[in-house]
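Inspection log for the structure reproduced underneath, given as structure tokens.
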Amino acid sequence: MSDPAAGPSEWRRGWSVVLGSAGMAGVGAGLYQNLSSLFMPGLQEVTGASRGAIGASAALGLLGALAAPFIGRLADRIGAVPVIVASALSLAVTHLWLSLLSGGLWQFQIAVALLAVSAPGMSALVYGRLVATRFDRHRGLALAFATSGLSLTTVLLPGLFGWIIATWGFRAGYELLAVLAVAIGIPAGLYASRQAGAIVRPARRQRSGKPPSWTNLLFWRIAGATMLINIGTVGMVTSLALIGVERGFGLPAAGLLLSAYGASQIAGRIVMGALIDRFAANRIAAAFGLASTAGFMGMQWGVDALPFMLAAVFVAGLLNGAEYDLVPFLVSRLFPIENYSEVFGRLYLFSLLSGGIGLAGFNLLHDWTGAYAAPLGVATVCMLLAATLLYTLPPLRPHAQLNPSVSS
């Protein structure tokens, strides 16, 4: 484990790493995921497919997520910079490909597969290790601020993208995503890497531990909780604007639900980050899981009033926001730091695949039932099960690293 100076000196030495990481995260593949419901009408028009068919196609395309563990191992061995640059360029090319769709779901499937390959290199798989090597006492909060870059763009950009898509069409929205990936993602990622470069070395030069085996029970509990969270929350956020339209709010007002979701991610990550630095992480995570369960119940059975729905979406999204802070924190504490990216890459694989299940499941259940009540009910159960799994994790003491061999 790294041994940087504790307290305020951590922030003096590491704030630039957090800032660069947040900028990169804010324009990564997660931004499109959070805004994807704004693109759905245009995709339906071009492909002539239903929401369920597009969602299922996206899920098949996410087989590209199988590359995540290998990207993680590559980042551990050759360093962050080549991975960040290649991922950002790949993401930009993918968005441009989407802007040129001319019909046929196979084109969309190829794009989603490329998105899944591009996503890990601009995620906590890379920047989580950069932050973890700079922070110990405030690691949870530092990771929270870094991962909040995506939450911030999710709050600020839906209105802009909604206006661009309404004015110039969905293709212009994809073109803007491509520009953001290159113009902001690459400089921000390189800045974070350069600021952390004095203490981050490729693992091939300092390999003192091994990643956990695939039979490690602790790994599978974290993976199971991650999958359940993503099935519920990714399915919800990728349909959120459409859920609002179904409730009779109209597209502009429904877009506010995306901003509420983004705000919940910021709050969830920062509050979770501060709390897990001070208290047992498993209990804090379980409490967030129960709160999110209540939020999904409110979305399913609550009144069709915009203020109520905004509040329900905010509460439902809390654990998803926290999970992107919690999982990097757990990996950095429970497993050898020199294997961080490979371990996180394995978890990221399950995160992406379960996100595809949630995306396809929400849309298919909507097509079958004609409403979003059934998928929201499934999401409620997923969040409750995730809270239970999180509670069974080891009650990490603040600032402590557990023996990497722990498997129960």
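No lab work stands behind these numbers, since they all come straight from the coordinates. On a predicted model such as this, the values are computed, not experimentally measured, just so you know. Reconstructed Cβ throughout: ideal geometry from the backbone, glycine too, with neighbour counts over all protein chains shown.
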I need the P(r) histogram for the chain: all alpha carbon pairs, bin width 20 Å from 0 out to the longest distance, whole percents. 30, 60, 10
Estimated [θ] at 222 nm from DSSP helical runs (n ≥ 4, -39500 (n - 2.57)) normalised by residues in the chain, nearest 500: -25000 deg cm²/dmol
Dimensionless Rg/Rh of the range 45-166, both radii on Cα and Rh by Kirkwood, sits at 1.03
Please give the FRET efficiency for Ser16 paired with Ala274, using the beta carbon to beta carbon distance and R0 = 22 Å, rounded to the nearest 0.05. 0.60
How many nm separate the modelled label positions at Glu45 and Ser102, each set 7 Å beyond the Cα in the direction of the Cβ? 1.9 nm
Under a no-solvent Debye model with one identical scatterer per Cα of the range 233-295, what's log10 I(q)/I(0) at q = 0.20, 0.30 Å⁻¹? -0.81, -1.22
Once fully extended, how much extra length lies between Trp163 and Glu246, figured as 0.36 nm per residue of separation less the alpha-carbon to alpha-carbon distance? 27.8 nm
Whole-number value, in Å³ per residue, for the convex hull of the alpha carbons of the range 284-402 is 101 Å³
Among Thr215, Thr388, Thr154, which one moves the most in a GNM of the chain with springs linking Cα atoms closer than 10 Å? Thr215
Considering Cα pairs under 8 angstrom that are at least six residues apart, work out the relative contact order of the chain and quote it in whole percent. 29 percent
Magnitude of the charge dipole, the chain, Cβ model with Lys/Arg +1 and Asp/Glu -1, debye to 20: 1300 debye
Relative to the first principal axis of the alpha-carbon coordinates of the chain, what is the inclination of helix 124-134, with its axis defined by its Cα atoms, in degrees from 0 to 90 and to the nearest 10? 30 degrees
Excluding the sites themselves, what is the longest stretch of the chain that contains no trypsin sites (Lys or Arg not before Pro) in a DSSP loop with at most 14 other C-beta atoms within 10 Å? 1-206
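As a footprinting exposure proxy, order Glu246, Glu10 by other Cβ within 10 Å, with the fewest listed first. The partial results should precede the final answer.
Working: Glu246 16, Glu10 19.
Listed from fewest to most nearby Cβ atoms, that is Glu246, Glu10.
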